[in-house]
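The values are calculated or read from the model by the stated rules, or taken from the named source; none is laboratory data. Everything quoted here is computed from the prediction, not taken from an experiment. Here the Cβ is made from the backbone with ideal geometry for all residues, glycine too, and neighbour counts use every protein chain on show. The protein model used for the area step is the full one, side chains on, heavy atoms only, and it has no ligands, DNA or RNA in it. Shrake-Rupley method; radii C 1.70, N 1.55, O 1.52, S 1.80 Å.
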Amino acid sequence: MGIKVLQPGMLTTIQDLGRYGVQKFGVIVGGAMDPISLRIANILVGNSHDEGGLEVTLFGTTLLFESDELIAITGGNLRPTLDGEEVPMWRPLLVQKGSVLKFHAAVSGCRAYVSFSGGIQVPEVMNSKSTYLRAGIGGFHGRKLQKKDVFECGVRSAVGEELFQQLQTESIYFPWFVNYTSFVNLQKTKTIRIIRGSEYERFDEESIKNFLSMPYKITTQADRMGYRLEGEEIQLKAPFELLSEGVTYGTIQVPSNGQPIILMADRQTTGGYPKIGQIISTDLPFLAQMQATDTIHFQEVTLEEAQKALLHQEKQLNELRMALRFRRLQYK
Amino acid sequence: MFTLKEDVQIRPLGDAALVLQVGHGIDEAIHKRVKLIMNLLESHPFEGLIETVPAYNSVTIYYNPVDVYFSNRKKDNKIPFEIVKNCILELLTKSVSVESTKERIVKIPVVYGGDMGPDLEYVASYHGLTPSEVIELHSSGDYLVFMLGFAPGFPFMGGLNQQIATPRKDTPRLAIPPGSVGIAGSQTGIYPLETPGGWQIIGRTPQSLFLPNQTPPTLLQPGDRIRFYPITMEEYNHHLEVATWA
C-alpha cells in the first residue's frame, strides 16, 4: 500500500505552506516555492489548503501507486503521464492501483505540485511537513525523495471521498478544470512587481533607473534558497554598514558585486545586505515557476496596490472554492 | 515604568511583514528594548500575527494580510499594513517595567586548536600571540547573544576581545563541521549545522545547538550570556558519548 518512488527525478520534496513561529530561533520557513499552486491542488482533492504535497522540480520523478488514490497536479507543466498517456492538470484525478505517474520534462514553468487526498502521512516537525534539507528535518526523513521510498496517504475528507467515489464510476478525471492563468504565469519573460526595499534610497539614481527598466536574467545559481540575477550593475550612493535583520520570501538583496539576489522559500531568516526591493506576494508564484536563463522585468507598485492585489487573489481563490462546491453538487 | 513608543520607527518589509527599528548600532540597552517589545507583542498578539523575529536593533513582524484585513472591525477600508501599524503603535503606549529576571549563563565546552580548530594558529600569528594566549582571551570573555539567525540556533554574539578580532578568510570553506567555534571580525559564533562559511575556526564544541525535537528548539536564546571553557579531546569524546546515551 502507498506510493512508491521508482525514480526520484531531479529534486522532489514534501512541502506545505511553511514552518512558522520558529524563525526567531533561526529556523527557516521553507514551504512550497509556488504556494498558490499547492493550495489549489489541495482544494481540488478536498484537503485543507495548507496540507503537505509533493514539489516536483523540472523532470524525471516517477511514482508507482500501490492503491487507488485521488490526486491533483498543478503548477508548472512538466508533461505528466499516467501509464504513458498524457494526463490533464488542474483538476481532481483518480490514479488506480498499479498505475505509474511520470513527469517527463518542463514544457512550461519549473515546479509541479501533486496533492494527495487525505494528505501525505509524515510526522510534523515544529508544526510543519515541509522538508528542510540543510537541517535534515521535516518531510520524508528530512530529505528529498529517493528511489524505493514508500509513503502513505491519510484519510480522505468527506469531500475527497465524494470526488473519489464519483471518479470510480466513469472517467478518471472530470471534464472541467481550474483556469489557473489568474494565479500562475508560466511565461519565460515576466514582469514582476516590487515595492521599495528598506534601503531603496541608499542606491544611486542611475542604478535604480536601470533596475526598473533593464532586463535581469536568472543565472544557473538559482535554487530553493535564492535566485542570483545578472544584469546592469546596481551600486550604492556610498558604502555603509548594515546590521543583520529579518528578511522574507521575495526580498531582493544587492551584495557588493552589484548583482541582485532574490531570496526564495528556503532563505535564511536574517540577512545583512542592502535591500533594494521586495517582490509582492501575488507575484512570488510567477517567480517560482522561472528557471535559469529566464528574464525578469521589475515594475514598481505601491504597498497599497500590492496588498489590494493579494486581497483580490484571495477573493478569487474563495470563488474557486465555491465553484468547486457547485460542480460537485452538479455531478451528484 | 515607561513606554516603548519613543525612538521606534515602523517600515514595511514587503506586503506581509514590517520592521520596528529600535535605535541604531549594537548596544545592550537597545537589546533590552528589543526584548521588551518581543515580550509585549507575544503577550498581546493581534489577529493575523504570524511571528516576530528579533535582531540587533529591530523586530520584524510577519503577518497574514488577509486575516488582518478581515479581522478589522472598524471597516474603515484601511490596508492591512496600516491596520497592523496602528495596532502596534497603540500596544507600544502601554507601560512596561524592566524585567528583573536573571540573565541565563550558558557554559560551552570547546576543544581548541588541532583538527578541531584549524585556524587557531593563524589567529595567533595574525596578532603576534601564542595559541594558548588566544584560548585564554577567548575563554575568559563574557558574550551576550543578541540574536539567532543564519542557521537554526546560530548565535550572533557581542563581546569579543579586540586583541583576537580577526578578519574572515578570503575564501570561505565549503563545509564547516557542526559545533565549530569561529571568529569573524569582532564577532564570535558557533556553527549549529554543517554549512559553508568564511569564519576563522579556532575550536569545536560537542554541545548541540539545534534541538529540533525540543521546545524551544535551540540551546541558546537571545539575552543569554555565554562563557567558553577549554576541554581536552578525551572530554570532548566523553561528552559526545553521554549525549548519545541521554
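Applied to segment B:235-242, the Karplus parametrisation 6.51 cos²θ - 1.76 cosθ + 1.60 on θ = phi - 60° returns per-residue 3J(HN,Hα) values of 5, 4, 5, 4, 4, 4, 4, 4 Hz, with x for Gly and Pro. In units of the compact-protein estimate 2.2 N^0.38 Å, the protein assembly as shown shows a Cα radius of gyration of 1.02.
Percent of accessible area on the protein assembly as shown owned by carbon and sulfur, 1.4 Å probe? Let's see the in-between values first.
Numbers: 12640 of 24910 Å².
Of the solvent-accessible surface of the protein assembly as shown, carbon and sulfur hold 51 percent.
Taken about its Cα centre, chain A carries a charge dipole of about 480 debye when Lys and Arg each add +1 at the Cβ and Asp and Glu each add -1 at the Cβ. With the whole protein complex present, A:CYS153 retains an accessible surface near 20 Å², based on a 1.4 Å probe. Close amide H contacts of B:SER58 (hydrogens built in the peptide plane, cut-off under 5 Å, sequence separation of 5 or more or a different chain): B:VAL22. In sequence order, segment A:301-316 has phi-based couplings of 10, 8, 4, 4, 4, 4, 6, 5, 4, 5, 5, 5, 4, 5, 5, 5 Hz under the Karplus curve 6.51 cos²θ - 1.76 cosθ + 1.60, θ = phi - 60°, and Gly or Pro positions carry x.
Each of B:ALA243, B:GLY153, B:PRO230 was placed along the dipole of chain B (beta-carbon charges, centred on the mean Cα), and the one lying farthest toward the positive end is B:GLY153.
If you take the Cα centroid of segment A:266-293 and the Cα centroid of segment B:43-68, the two points sit 20 Å apart.
For B:ILE226, the residues whose modelled amide H falls within less than 5 Å of its own, excluding neighbours fewer than 5 places apart on the same chain, are B:VAL106, B:TYR143, B:LEU144, B:VAL145.
Charges were assigned to the Cβ only: +1 to each Lys and Arg, -1 to each Asp and Glu. The resulting dipole of segment B:105-245 about its Cα centre is roughly 360 debye. Derived scalar couplings between HN and Hα for segment B:153-165 equal x, 6, x, 8, 10, x, x, 6, 4, 4, 5, 10, 5 Hz in order, rounded to whole Hz, by the Karplus curve 6.51 cos²θ - 1.76 cosθ + 1.60 (θ = phi - 60°), x for Gly and Pro.
The residue among B:ASN72, B:TYR56, B:ALA16 whose Cα reaches farthest toward the positive pole of the charge dipole of chain B, with charges on the beta-carbon of Lys, Arg, Asp and Glu, is B:ASN72.
The Cβ shell under 10 Å around A:GLN221 holds other residues with a net charge of -1, Lys and Arg each +1, Asp and Glu each -1. Put simply, the amide H of A:ILE137, placed in the peptide plane, has neighbours under 5 Å in A:TYR132, leaving out anything fewer than 5 places away on its chain. If you take the Cα centroid of segment B:142-218 and the Cα centroid of segment B:2-29, the two points sit 26 Å apart.
For B:LYS102, a cut-off of 14 angstrom between C-alpha atoms picks up these aspartates and glutamates, skipping any fewer than 8 places away in its own chain: B:ASP224. Size descriptors for chain A, from the alpha-carbon set: Rg then Dmax equal 20.4, 69 Å.
Comparing B:ASN77, B:ASN161, B:ASN39 in a Gaussian network model of chain B where C-alpha atoms under 10 Å apart are linked, the largest mean-square fluctuation is found at B:ASN77. Summed over both chains, the area buried between A and B is near 3400 Å², taken from the accessible surface of protein heavy atoms with a 1.4 Å probe. Counted by Cβ distance under 9 Å from B:TYR56, the other residues give a net charge of -2, where Lys and Arg count +1 and Asp and Glu count -1.
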